[in-house]
Each structure stands twice: as structure tokens, then as C-alpha cells.
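Report on the structure given below.
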Amino acid sequence: MQGLGRIIAIVAALALAMGALLSPANAQDRTLPYWATLRYEKVNMRVGPSAEYPVTWVYLRKGLPVKVVRVREGWRLVEDHEGTQGWISASQLDPARGAMVIGNGLADVLSGPSAGAAVKWRASPGVVAAMKKCSAGWCEVDIAGRKGFIQAERLWGSEPLPGDE
């Protein structure tokens, strides 16, 4: 009997571990399109939804936001801020919402969600941020541990999409 209990405990632990490993991919099975970010410093974009397809682009920026526009098994067709589309393995994507500063010149990062709020610092185009929430044309962001608000129009990734939670 003691051996049976040990086997059941091991099977239960394995089931929990498998659930934890699969949950990042399952979290991305949402209504399309939706936002995601790159999970690692180096992520390959491919021509098609398989490792058999050639790599067309290599991203070297963890946290870069992408728009997921199609799902095929363990692969996601994504679009980047320049409109480039390609396939990335779902395991390489993080369902966390992110944004990238776009436009010309520095973007003011303010202490509150209004034009009259104090400027905390300025961010250059291309800066990547974790996005908290957007409301009334302003988005709360976290850039390398510094929090503030940026106008939504200055962020690629601020557009509300059907699959966003």
C-alpha cells in the first residue's frame, strides 16, 4: 500500500509540473488578434509555422511587443511595429502586455495620466516598456522599474485588441 501511495504522489507531481509547463502556451489561446511580448533576448521569426521553415528575422530584444494575428498548433503568426509578419513558436512569446515608444522625438513620461502632470523623464523612440493599463488616451508603463504615464498615441502596443484581457 505504501508503494501505491508513493506512485500516486509521483504521478500527481508530474501532472502539476506538466500543467505549469503548458500554461504559458495555453494562456495565448485567446481571441485574435492580441498583444504579446518576446520572452527571450533572442527569438527567431520564420517563414512558416514549423522549425523546418527558414528563419527570416532574428529579434534580439526581450519584451518587444508583437501583435498575434493567427494561431497554428504551437506557432503564432505575429506582426511587429514595422508591419513585418512571420511565425514564432508560442514558447518564445510571453502573454504579458508590452509597448514600444514610437514617433519622432522624445516622449514625455509623466507622473499622472494628464497633459498637466509633471514630467518624470523622457523616453526615446524604440524604448520598450511593460504596459499596465490604458485609459482615456494615456497608458501606465514600467520602463526598467521606473513607472509613469505616456500618451497612448506614442506607444505601439497600446491599441485595444479583441483578445486582450
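The values are calculated or read from the model by the stated rules, or taken from the named source; none is laboratory data. All of these numbers come straight from a predicted model, not from anything done at the bench. Please note: Cβ atoms are built from the backbone with ideal geometry, for glycine as well, and neighbour counts cover all protein chains shown. Accessible surface is based on the protein model in full, side chains and every heavy atom, while ligands, DNA and RNA are left aside. Shrake-Rupley method; radii C 1.70, N 1.55, O 1.52, S 1.80 Å.
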(request) Compute the label zone of residue 81 within the range 98-121: residues whose backbone N is under 18 Å from the point 7 Å along Cα-to-Cβ. (result) 98-110, 121
(request) For the range 93-102, just list the computed ³J(HN,Hα) in residue order, Karplus coefficients 6.51, -1.76 and 1.60, θ = phi - 60°, integers in Hz, with x standing in for Gly and Pro. (result) 10, 10, x, 5, 7, x, 8, 10, 5, 10
(message) 5 Å is the cut-off here: which amide hydrogens, built 1.01 Å from N in the peptide plane, fall below it relative to residue 40, excluding neighbours closer than 5 in sequence?
(response) 63
(message) Using only the heavy atoms of the protein chains and a 1.4 Å probe, how would 91, 50 rank by accessible area, largest first?
(response) 91, 50
(request) Once you've got the Cα coordinates, tell me which of 67/120; 42/67; 42/133 are over 24 Å apart. (result) 67/120; 42/133
(message) Under the rule of at least 5 residues apart or a separate chain, name every residue whose amide H is placed under 5 Å from the amide H of residue 86.
(response) 78
